[in-house]
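The structure appears right after this line, and notes come after that.
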Amino acid sequence: ADARYEIEKALADPSGVLVQPVTTVEPRKKLRTILPWAAITLILIIIAGVAVWKLNPSEPRQLITFEHQLAEGQQFSDLVFFTLAVSPDGKQIVYSTPKGLYLRSVDELRARLIGGTEESIVNPFFSPDGKSIGYFSVTDRKLKKVAANGGTPVPLCDVAQRVWGAWWNEDNTIVYNQQSVGIMQISANGGNPECIVKQKSGSLISPQILPDGKSILYTSLPVSLAKIMVQSLKSGEAKEIFRGYGAQYLPTGHVVYLGGRNVVAVPFDLDRLEVTGRHVPVVYDVRRYAISDSGT
C-alpha cells in the first residue's frame, strides 16, 4: 500500500519530472524510474506473505489414544493371521472374529457387528475411500468385500488357502497372497486373479503396490528369516531392503513394519527404493498392528 501511494504520488508530480514531452528516450526513462518502485512493491508483497504464514502456523495434529476391550465372550480370529485394519483416514477400526467383522469409529464407545459378515473371517482390509472392507472368508474360502455400514457381501474369487495380507489399490484392484503360488491381483469388482509375483521359495505375504504403480512391497517368509522385499512389476527384479515383517509404505515417506515385537518406522526413498535413515521403534510389545495413511 505504501509503495502504491508513492508511485501514484510520483506519477502525479506537478514538477514535471516524470511528465516530459514525448521523445525517443522517454520509455527508457520511465522504465528506469518505475523499476525500483516495482521491486519495492514485490519485496513488500513477499514480506507480507511470509509474515502471514508465520502468524498462522498449521495446527498441531491431535493425538488420540484409547483402549478397546472385546465384549464378553468375543475373541479375535486366529492371531496367526491378520485380524486388524484401520481406514485410510484413521477414523474407523475393524477387527475379525470367528463370528464376523466388528467396526468401531474412534468417536464411538462400542464396536458394532457389520451386518452380512456373520461367519469366520480373517484379514480385513479397507478400500481407499474407507467405504468398503475386503476380507477372507474361512467359512467358504473366498475373497469377499462388503460395505462398511453392512449389507450383502460380494464374493470376488475362490482362494484355496487363507490369505496373509491384502491391499486395495487406488486403481480399484486388490493384491493378495496365494500360498504356494505367489502374489495375486484381481479387480475389486471380481473376476479372474492374475499372478504378478511368482513364489519361488517360502511365502510372499503383506503385498502393497507402491504409489508409483511400478513396484510392489512385500514380506518373504519363513518368519524366522522374514525379509522386507521390493520388486519391479515390469522387470521382475527383486531386492531385500531389510529384515522385518508386515511392512507398509506411508505417504510421509516411511516404511513401517514389525521388528520382533515392536512396530518400527524407517525413512524410505520411493525413487531409489532405498532406506535413507535409521530404524526407530514407535510402539512396543505388539502382537498384531495396522496403520493408516493418516498415521493412526
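A few comments on the model shown:
- Segment 85-90 - phi-based ³J(HN,Hα) in whole Hz, Karplus 6.51/-1.76/1.60, Gly and Pro as x: 8, 10, 5, x, 7, x
- Think of segment 77-127 as having a plus end and a minus end, set by charges on the Cβ of Lys, Arg, Asp and Glu; of VAL94, ALA111, PHE81, ALA111 sits farthest toward the positive end of this dipole.
- Set LYS144/LYS200; LYS131/LYS227; LYS91/LYS142; LYS145/LYS200; LYS142/LYS200; LYS198/LYS234 screened for pairs whose C-alpha atoms are more than 21 Å apart: LYS144/LYS200; LYS131/LYS227; LYS91/LYS142; LYS145/LYS200; LYS142/LYS200
- Segment 83-178, accessible area per residue, ligands and nucleic acids excluded (1.4 Å, Å²): 41 Å²
- Relative contact order (%) - criterion: Cα under 8 Å, at least six apart; region: segment 80-153: 26 percent
- Taking Cα centre as origin and charging only the Cβ of basic (Lys, Arg, +1) and acidic (Asp, Glu, -1) residues, the dipole magnitude of segment 216-296 rounds to 260 debye.
- Furthest towards positive pole of dipole, LEU225, PRO267, GLY277, structure part segment 189-296, Cβ charges: LEU225
The values are calculated or read from the model by the stated rules, or taken from the named source; none is laboratory data. This structure is a prediction, so every number in the text was calculated from the model and none was measured. Neighbour counts are summed over all protein chains in view; Cβ atoms, including those assigned to glycine, are modelled from backbone coordinates with ideal geometry. The area values use the complete protein model at the heavy-atom level, side chains included, leaving out ligands, DNA and RNA. Shrake-Rupley method; radii C 1.70, N 1.55, O 1.52, S 1.80 Å.
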